[in-house]
Amino acid sequence: MAVSLGASQALHETLGLPSQEQPECRAVSCSEDFVYGEEDFVLCGVGWWRSRSEGPASRTMSRFDRALQSGWEERMKLGLFRYHLGELQTRILPGNVRFVAQLNIQRGLERRKPQDIQSVRQKFNPQQFHFNKIKPGEILFHMVRDPSPHPPSRGCSQFQGGLLESKLPGIPDRILVVINVSPLEFGHVLFIPDPTLCLPQILTQELLQFGLESVLLSAHPGFRVGFNSLGGFASVNHLHLHGFYLDWELLTETAPGEPLCPTLNFHFLRGVPAPGFLFYSEGEDLGALAHNVCQVTDYLVDKEIAHNVFVTRGTAPGEPSHSETRSGIRVLIWARRSCFGSKGEAAFNVALCELAGHLPIKTAEDFQSITETEAIHIIQRYLLPEPQLSQLQRQLVTLLTE
């Protein structure tokens, strides 16, 4: 069953709103469900084989894309965001990296002030902003796994299942999908487990598996999911993932990987300004993939190392970089220098987007003047020193192969 998101008047009635009024802040509730199963995964036919002149509207959408985008656009029309987000000015910076720079002045000015973070393991604080305080109108739907087994779609023989078969007892079968009221791109949402659990911003296997599944549920190669740890420019200490559409290719989708644990598809990402760790999957056993990723992030949390995670469609690590197809998903993990109480950079903060090659820029002056060399210099100030990164690489290989 797909969620049915109606016209503006129907949405007003659903939310109990008089015309053009915003909902009161009250207990979070949601009556809409987006129920999905393996047959909804888009496993083949996703790629960048089109010219930019065709525009994003010409792309085929999945059930998930239609539900998310229609609900998101309705909330924009209703004024539930902090600002109106139109098509963003975009520059591809000249150079080998081809950074995607976008001017988003209002996000820099109007987003909620980041919370004071002093530790990667900081406890949840009910006195600060958290997602139990969001307005009901900000909720798009619940993502709900269908417990019924279904064969995978798109006729891809390489798919071996693993969505529901890998589900462990006690793993929640639903999460909230909520608009980010300070969006950085079209369709910017948050994936939130039960907010009443008051979980701190430490990645869990259960939430990450929903994030992995959402990338496969989208037919758009530019639907991305990510996580910022505390100290990695997470602004709210309440567990959540980001999801958004970026209609531009990134170098991290195709950059080569050096095998570290071939049996686990675990690699070291090279050939990019921010080297990091890479897991790759073509849709099989997502539960195991989420488990392996969280083994890495849990280790980083224990060692008080800030980190960012980025999930995107991409090529296999050994596939030619010029390939247009995006046959699988890449999960990139960057261990990085912590930023506690930092004001960040003038042009952009270094979080999941920036490490991946997407630069939301705060000012028109920086947007027009920034170069690839300057962007790389800013990003690399936040990376771990090479000796520490090499030591961490050895430690993670030992962790994953024990």
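All conditions in (1) at pLDDT 90 or above; (2) open to solvent by 40 Å² or more (accessible area, probe 1.4 Å) hold for Ser31, with the sole exception of (1).
Within the stretch 261-281, residues that are over 14 Å from Gln295 (Cβ atoms) have Cβ atoms under 6 Å from residues that are among the polar types (S, T, N, Q) in these pairs: Val272/Thr252; Tyr280/Asn265, counting only partners at least 6 apart in sequence or on another chain.
To keep it simple, each residue is scored yes or no on (1) under 20 Å from Pro317 (Cα atoms); (2) surrounded by fewer than 24 Cβ atoms within 10 Å (Cβ to Cβ); (3) not charged (D, E, K, R).
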residue	(1), (2), (3)
Gly226	yes, yes, yes
Ser235	no, yes, yes
Leu239	no, no, yes
Pro259	yes, yes, yes
Thr263	yes, yes, yes
Gly276	yes, no, yes
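Taking the stretch 311-333 only, how many residues are touching a helix residue (DSSP H, G or I) at 6+ places or on another chain (Cβ under 9 Å) and open to solvent by less than 50 Å² (accessible area, probe 1.4 Å)? Going through the stretch 311-333 one residue at a time, the tally reaches 11. Whenever a residue of the stretch 294-317 is under 28 Å from Gly47 (Cα atoms) and at pLDDT below 95, its partners that are part of a loop (DSSP other than H, G, I, E, B) and among the acidic types (Asp, Glu), lying with C-beta atoms within less than 9 angstrom and at least six residues away or across chains, give the pairs Ala316/Glu282.
Tell me, yes or no, whether the stretch 237-246 has at least one residue that is of a type in the set (S, T, N, Q) and touching a strand residue (DSSP E or B) at 6+ places or on another chain (Cβ under 8 Å). Looking for residues that are of a type in the set (S, T, N, Q) and touching a strand residue (DSSP E or B) at 6+ places or on another chain (Cβ under 8 Å), one finds none in the stretch 237-246, hence no. None of Ala347, Ala306, Ala356 is among the aliphatic types (A, V, I, L, M), within 25 Å of Pro114 (Cβ to Cβ) and surrounded by fewer than 22 Cβ atoms within 10 Å (Cβ to Cβ) except Ala347. Scanning the stretch 344-366 for residues that are farther than 26 Å from Gly314 by Cα, under 23 Å from the mean Cα position of the chain (by Cα) and not small (Gly, Ala, Ser) turns up Glu345, Lys362. His142 passes every criterion in (1) in contact with an Asp or Glu (Cβ under 8 Å, 6 or more places away or on another chain); (2) over 16 Å from Val311 (Cβ atoms); (3) open to solvent by less than 10 Å² (accessible area, probe 1.4 Å); (4) modelled with pLDDT of 95 or more apart from (3). Going through (1) touching a Leu at 6+ places or on another chain (Cβ under 6 Å); (2) at pLDDT below 95 one by one, Ser235 falls short only on (1). Checked against the criterion of being modelled with pLDDT under 95, open to solvent by 10 Å² or more (accessible area, probe 1.4 Å) and more than 20 Å from Gly314 (Cβ to Cβ), the candidates Thr196, Thr204 yield just one match: Thr196.
Restrict the check to the stretch 296-303 and report whether at least one residue is under 21 Å from Phe244 (Cβ atoms) and within 19 Å of the chain's Cα centre (by Cα). So far as the stretch 296-303 goes, yes, one or more of its residues are under 21 Å from Phe244 (Cβ atoms) and within 19 Å of the chain's Cα centre (by Cα).
Screening Arg154 against (1) at pLDDT 50 or above; (2) within 14 Å of Phe41 (Cβ to Cβ); (3) open to solvent by 40 Å² or more (accessible area, probe 1.4 Å) leaves a single unmet condition, (1).
The values are calculated or read from the model by the stated rules, or taken from the named source; none is laboratory data. What you are looking at is a predicted structure, and each value in this text was computed from that prediction instead of being measured. Glycine also receives a Cβ, built like all others from the backbone with ideal geometry; neighbour counts cover every protein chain displayed. All accessible areas refer to the heavy atoms of the entire protein, side chains included, with ligands and DNA or RNA removed. Shrake-Rupley method; radii C 1.70, N 1.55, O 1.52, S 1.80 Å.
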